[in-house]
């Protein structure tokens with residue numbers, strides 16, 4: 001076997017073609033690597049300010065190794081075409097057949113010789129990112145995993161090239177067949193662009209599908225098994241074909257139909273081997289994350305949340321059939337699927353399912369719709385912290401009960417009139433919050449399973465017994481959302497005193513509304529929000545028509561924090577909103593910024609009690625809920641009131657090589673080395689070998 005390998009190596013390296021191919025490949029790799037490096041140098045200053053930003057290994061080295069695999073796919077047919085096809089064409093195969101060695105030794109010897117050449121290509125590809133090690137701290141684990149993936153890919157390519165070379169006595173046909181087969185296998189990955197789940201068997205038969213996780217630093221036994229089975233299958237088929245040529249009498253004895261059946265059997269066995277490799281690689285796996293700080297793995301907090309799942313979590317990604325977008329979503333969700341079999345992923349093209357897209361409230365491409373035990377959540381921003389917190393919210397919502405008081409002219413949470421909250425109530429139902437109208441005259445007390453009580457702009461005062469039920473509910477530690485209006489009736493003084501929240505006279509007028517083309521000066525705008533857990537990270541503009549300004553007592557037992565605050569151009573207008581209006585301090589009108597929403601908390605034996613008083617109920621009405629971020633704000637407020645806002649802080653994992661300190665002189669030396677010295681050195685090496693061969 002080693003004798004055959006040495007013979008083939010001498011034959012390969014005595015050929016100028018090998019040296020020319022290596023020189024061209026080195027030049028292309030160097031040029032493409034420098035282009036990626038230049039792009040990285042332009043964006044690295046921005047990467048330093050981004051949490052969890054990728055580094056040099058992610059943006060330059062890993063794509064470079066993938067490019068090396070693609071370029072090898074183009075040149076390998078020229079290297080492998082002569083291994084067996086040239087032997088058959090020139091008649092030297094008779095020496096192999098008569099030699100006192102087994103067919104397996106012949107095949108493995110030729111395979112090892114081709115692996116040696118491909119090993120040089122692997123070293124060429126690795127030399128370029130390794131040349132930057134003196135200028136930055138590379139992600140060595142990820143680079144090692146990528147090198148392993150590239151090596152396994154090249155080994156599978158070499159086995160395929162050897163197999164095709166053994167099918168024909170024409171080296172040109174072998175080269176064309178090898179290129180066609182490798183290109184077909186590589187492009188199989190594209191068949192997974194529209195896959196309904198994270199695994200598509202046809203795409204899983206592609207080397208590209210299994211190479212990408214290794215380039216990301218994931219050592220997956222399923223992917224390793226795929227490459228080993230693929231290489232072994234091609235080598236066994238090559239051995240089978242070689243033995244047929246070695247014993248032609250047995251082949252001719254089968255007749256024409258027997259030979260055809262034999263050819264069909266070869267193709268069937270190859271397809272079976274590919275399918276088996278794909279299936280085993282998808283279902284039997286152990287995974288190790290070699291990337292720095294285990295950036296491809298879930299944090300312990302996320303793993304704890306997944307352990308609480310009691311049923312399937314269906315994640316529907318509304319993404320067009322764009323491989324890059326779907327692959328990015330699939331990579332994130334795959335981290336969760338590796339830890340829990342309950343996580344399911346489904347891709348839906350929003351262009352072909354517009355009705356479903358509208359019904360679920362999908363607004364942007366790539367948005368996720370999570371559904372768990374009848375509750376749902378939409379995510380338009382996807383990272384581990386956001387997705388984990390959404391899953392946690394779906395789990396916690398299973399016992400939430402939202403009751404809205406009725407019978408006093410309140411906005412109905414299930415009503416369809418313009419001033420009602422029917423659309424918001426339906427959205428709460430979709431998010432998993434059971435919504436229930438509550439008639440206080442029909443109960444002795446607010447039901448104990450109520451986690452949130454809504455008092456929504458009543459037109460007439462509550463009866464004394466009804467108001468006492470609300471006060472008793474607060475004393476039991478219940479959470480309250482109280483929507484007021486500038487013209488709210490009297491009769492709620494006991495509740496105001498209990499909460500320590502009161503209303504300024506007048507309607508909030510906002511001069512900034514006219515700058516946005518809003519003709520109603522009584523439309524208060526809230527573009528920014530005071531620091532509060534309910535609005536952390538919330539940056540959407542919200543609009544509040546005909547709102548009242550609020551203030552709190554300093555001696556209240558509740559801790560009051562402003563949560564909604566108007567701009568400085570606003571004031572409380574005590575005169576009718578008509579004609580030309582302006583701030584009149586002599587009439588006691590308050591100047592902005594004004595608080596139109598106060599969040600109240602106080603400690604109780606059962607935990608923290610929450611209440612929220614807002615000087616407007618119109619912002620979530622059927623008429624105005626679609627304005628700006630009103631709907632999203634309303635959902636955030638309900639989550640905070642019910643305790644479902646408790647977000648997990650999952651710090652982003654940082655790449656170690658986000659900064660490259662490369663002087664102009666060092667960059668020039670590296671460029672000269674990769675673009676000129678290395679390719680020309682290979683060319684001169686080939687010329688020296690050729691001249692020496694001619695001289696001998």
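The values are calculated or read from the model by the stated rules, or taken from the named source; none is laboratory data. Since the model is a prediction, treat every value here as computed from it, not as a measurement. Virtual Cβ from ideal backbone geometry, glycine too; neighbours counted across all protein chains shown.
Tell me, yes or no, whether region 584-592 has at least one residue that is assigned to a strand (DSSP E or B) and surrounded by 23 or more Cβ atoms within 10 Å (Cβ to Cβ). Looking through region 584-592, none of the residues is assigned to a strand (DSSP E or B) and surrounded by 23 or more Cβ atoms within 10 Å (Cβ to Cβ).
When region 475-494 is filtered for residues that are in contact with a strand residue (DSSP E or B) (Cβ under 8 Å, 6 or more places away or on another chain) and surrounded by fewer than 19 Cβ atoms within 10 Å (Cβ to Cβ), the ones remaining, listed by number, are 477, 488. Yes or no: region 465-475 includes at least one residue that is outside any helix (DSSP H, G or I) and in the same structural domain as residue 616 (by TED's automatic domain parsing). Checking region 465-475: not a single residue is outside any helix (DSSP H, G or I) and in the same structural domain as residue 616 (by TED's automatic domain parsing). The set of residues in region 556-574 that are under 17 Å from residue 597 (Cβ atoms), touching a strand residue (DSSP E or B) at 6+ places or on another chain (Cβ under 7 Å) and not in a strand (DSSP E or B) comprises 558, 566, 567. Of all the listed residues (345, 356), the sole one being part of a strand (DSSP E or B) and either out of contact with any helix residue (DSSP H, G or I) (no Cβ under 9 Å at 6 or more places or on another chain) or in contact (Cβ under 8 Å) with a residue 40 or more places away in the chain (or both) is 345. For residue 540, state whether it is at pLDDT below 90, on the phi < 0 side of the Ramachandran plot and under 38 Å from the mean Cα position of the chain (by Cα). Spelling it out, residue 540 is indeed at pLDDT below 90, on the phi < 0 side of the Ramachandran plot and under 38 Å from the mean Cα position of the chain (by Cα).
Total residues in region 110-137 satisfying the condition of being surrounded by fewer than 21 Cβ atoms within 10 Å (Cβ to Cβ) and either farther than 22 Å from residue 678 by Cα or not assigned by TED's automatic domain parsing to the domain that holds residue 29 (or both): the figure is 3. Of 668, 619, all but one fail to be surrounded by fewer than 17 Cβ atoms within 10 Å (Cβ to Cβ) and part of a helix (DSSP H, G or I); the exception is 668. Given the structure, is residue 375 at pLDDT below 85, buried (at least 16 other Cβ atoms within 10 Å of the Cβ), closer than 23 Å to residue 621 by Cα and in the same structural domain as residue 487 (by TED's automatic domain parsing)? When the stated conditions are applied, residue 375 does not pass them.
Number of residues in region 332-361 that are under 12 Å from the mean Cα position of the chain (by Cα) and at pLDDT below 85: the value is 0.
Restricting 592, 597, 626 to residues that are touching a strand residue (DSSP E or B) at 6+ places or on another chain (Cβ under 8 Å), under 24 Å from residue 540 (Cβ atoms), assigned by TED's automatic domain parsing to the domain that holds residue 459 and at pLDDT 85 or above narrows the list to 597.
How many of the residues making up region 554-571 are touching a helix residue (DSSP H, G or I) at 6+ places or on another chain (Cβ under 8 Å) and closer than 18 Å to residue 612 by Cα? Looking only at that region, the number is 3. Is it true that residue 411 is assigned by TED's automatic domain parsing to the domain that holds residue 583 and either touching a helix residue (DSSP H, G or I) at 6+ places or on another chain (Cβ under 6 Å) or closer than 30 Å to residue 575 by Cα (or both)? Considered against the rule, which asks whether it is assigned by TED's automatic domain parsing to the domain that holds residue 583 and either touching a helix residue (DSSP H, G or I) at 6+ places or on another chain (Cβ under 6 Å) or closer than 30 Å to residue 575 by Cα (or both), residue 411 comes out as yes.
Conditions tested, residue by residue: (1) assigned by TED's automatic domain parsing to the domain that holds residue 369; (2) over 20 Å from the mean Cα position of the chain (by Cα); (3) modelled with pLDDT of 80 or more.
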residue: 218; (1), (2), (3): no, no, yes
residue: 225; (1), (2), (3): no, yes, yes
residue: 230; (1), (2), (3): no, yes, yes
residue: 248; (1), (2), (3): no, yes, no
residue: 273; (1), (2), (3): no, yes, no
residue: 279; (1), (2), (3): no, yes, no
residue: 285; (1), (2), (3): no, yes, no
residue: 313; (1), (2), (3): yes, no, yes
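Residues in region 495-510 that are assigned to a loop (DSSP other than H, G, I, E, B) and surrounded by fewer than 18 Cβ atoms within 10 Å (Cβ to Cβ): 1 in all.
Of the helices (runs of 4 or more DSSP H) lying entirely inside region 93-211, those carrying at least 2 residues that are over 17 Å from residue 238 (Cα atoms) and modelled with pLDDT of 80 or more are 103-130, 140-165, 171-187.
Every residue, every condition in (1) part of a loop (DSSP other than H, G, I, E, B); (2) within 21 Å of residue 536 (Cβ to Cβ); (3) without any contact (Cβ under 8 Å) to a residue 40 or more places away in the chain, yes or no:
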{"site": "362", "(1), (2), (3)": "yes, no, no"}
{"site": "377", "(1), (2), (3)": "no, yes, no"}
{"site": "382", "(1), (2), (3)": "yes, yes, no"}
{"site": "386", "(1), (2), (3)": "no, yes, yes"}
{"site": "390", "(1), (2), (3)": "no, yes, yes"}
{"site": "393", "(1), (2), (3)": "no, yes, no"}
{"site": "404", "(1), (2), (3)": "no, no, no"}
{"site": "418", "(1), (2), (3)": "yes, no, no"}
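Being within 29 Å of residue 335 (Cβ to Cβ) and without any contact (Cβ under 8 Å) to a residue 24 or more places away in the chain: is that true of residue 138 here? No; evaluated as a whole, the condition is false for this residue. Put simply, of 548, 534, 513, 524 the only residue that is assigned to a strand (DSSP E or B) and either over 35 Å from the mean Cα position of the chain (by Cα) or surrounded by 14 or more Cβ atoms within 10 Å (Cβ to Cβ) (or both) is 524. Residue pairs whose Cβ atoms lie under 6 Å apart, separated by 6 or more positions or on different chains, with the first residue in region 424-446 and assigned by TED's automatic domain parsing to the domain that holds residue 410 and without any contact (Cβ under 8 Å) to a residue 24 or more places away in the chain and the second buried (at least 20 other Cβ atoms within 10 Å of the Cβ) and in a loop (DSSP other than H, G, I, E, B), are 425/413.
The single condition among (1) assigned to a strand (DSSP E or B); (2) at pLDDT below 85 that residue 437 does not satisfy is (2).
Every test in (1) touching a residue at least 24 places away in the same chain (Cβ under 8 Å); (2) in a loop (DSSP other than H, G, I, E, B); (3) farther than 14 Å from residue 507 by Cβ is passed by residue 577 save one, and that test is (3).
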